[in-house]
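Visitor: One structure is given below, represented as structure tokens, and several questions about it will come after.
The values are calculated or read from the model by the stated rules, or taken from the named source; none is laboratory data. The structure presented is a predicted model; accordingly, all values stated were derived computationally and were not measured. Here the Cβ positions follow ideal geometry from the backbone for every residue, glycine too, while neighbour counts run over all protein chains shown. Protein only, heavy atoms only, side chains kept; ligands, DNA and RNA dropped before computing areas. Shrake-Rupley method; radii C 1.70, N 1.55, O 1.52, S 1.80 Å.
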Amino acid sequence: KAGVTQTPRYLIKTRGQQVTLSCSPISGHRSVSWYQQTPGQGLQFLFEYFSETQRNKGNFPGRFSGRQFSNSRSEMNVSTLELGDSALYLCASSLEGQGINTIYFGEGSWLTVV
Amino acid sequence: AQKVTQAQTEISVVEKEDVTLDCVYETRDTTYYLFWYKQPPSGELVFLIRRNSFDEQNEISGRYSWNFQKSTSSFNFTITASQVVDSAVYFCALSEASQGGSEKLVFGKGTKLTVNP
């Protein structure tokens, strides 16, 4: 059974550009959430999607957005990139969310903003 | 508000030593879930264990064991006879059930474990 797949794994962007990251959850999982990991702030929740609807959002500016498709695949977008957006972005999936089920993470997308 | 504290930033041990990673959490909910993850240098968070707030039984899985104590709001993780392959950053995380059906993990800052040969 394939795990959570994230693409791309590594990318370098210039300040002011935008970036789209993709996540394919484990087959059958309907909840997809995103986290940002930086050395200073640690792991922080970005948002969670379930059945194409955003159910929860973390404390991030509107430049961070996401969506979920009918096949549960998800994308997140960061517009007008800033140097501080350099981070590891992790996607997680679970069957129903709510922490009731085990939450599995992908390998992450390493974003560097120069 | 929910909070997870991992007071140990870094731990260094010699192979075959036992090591305990501490985790203290704060929540106002009576129903919540606790997790431990391992993060090797590759970046992926590897799931280790999930425990709900109604299950205070300790658990042992091979060389790993977990001690959940609601009275002290702690969920500590012990590795017995550590090995070099255990070297990683370990995260404790909390999820509350009262978030309107939403899933959100609050993580501690992590403990970097180095096991030396």
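Visitor: On the basis of being crowded, with 19+ Cβ neighbours inside 10 Å and touching a residue at least 24 places away in the same chain (Cβ under 8 Å), does A:Phe45 make the cut?
Guide: No; evaluated as a whole, the condition is false for this residue.
Visitor: I would also like to ask the following. Please count how many residues of segment A:41-70 are at pLDDT below 95, closer than 29 Å to B:Pro40 by Cβ and more than 10 Å from chain B (Cβ to nearest Cβ).
Guide: 1
Visitor: Tell me, which strands (runs of 3 or more DSSP E) lie completely within segment B:1-83 with 1 or more residues that are in contact with a helix residue (DSSP H, G or I) (Cβ under 6 Å, 6 or more places away or on another chain)?
Guide: B:74-79
Visitor: Take the conditions of a type in the set (D, E, K, R), part of a loop (DSSP other than H, G, I, E, B) and open to solvent by 30 Å² or more (accessible area, probe 1.4 Å) and apply them to A:Glu75. Does it pass?
Guide: no
Visitor: Find the residue count for segment B:41-69, including only residues that are in contact with a strand residue (DSSP E or B) (Cβ under 7 Å, 6 or more places away or on another chain) and polar (S, T, N, Q).
Guide: The number of residues fulfilling the criteria is 5.
Visitor: Same structure again: Determine if segment A:27-38 includes at least one residue that is open to solvent by 40 Å² or more (accessible area, probe 1.4 Å) and assigned to a strand (DSSP E or B).
Guide: Scanning segment A:27-38, I find no residue that is open to solvent by 40 Å² or more (accessible area, probe 1.4 Å) and assigned to a strand (DSSP E or B), so the answer is no.
Visitor: Something else now. Go over the candidates B:Ser82, B:Ser73, B:Ser65, B:Ser61 one by one and state the one that is more than 13 Å from chain A (Cβ to nearest Cβ), at positive phi and of a type in the set (S, T, N, Q).
Guide: B:Ser73 is the lone residue from the list that is more than 13 Å from chain A (Cβ to nearest Cβ), at positive phi and of a type in the set (S, T, N, Q).
Visitor: Kindly evaluate A:Arg15 against the criterion of being open to solvent by 40 Å² or more (accessible area, probe 1.4 Å), of a type in the set (D, E, K, R), part of a loop (DSSP other than H, G, I, E, B) and more than 14 Å from every other protein chain (Cβ to nearest Cβ).
Guide: So A:Arg15 passes the test.
Visitor: When B:Leu94 is evaluated against the numbered criteria (1) at the interface with chain A (Cβ under 8 Å from one of its Cβ atoms); (2) under 18 Å from A:Asn101 (Cα atoms), which criterion, by number, is the only one it fails?
Guide: (1)
Visitor: Pick from A:Glu75, A:Glu107: which is of a type in the set (Asp, Glu) and either more than 10 Å from the chain's Cα centre (by Cα) or at the interface with chain B (Cβ under 10 Å from one of its Cβ atoms) (or both)?
Guide: Going through A:Glu75, A:Glu107 in turn, just one is of a type in the set (Asp, Glu) and either more than 10 Å from the chain's Cα centre (by Cα) or at the interface with chain B (Cβ under 10 Å from one of its Cβ atoms) (or both): A:Glu107.
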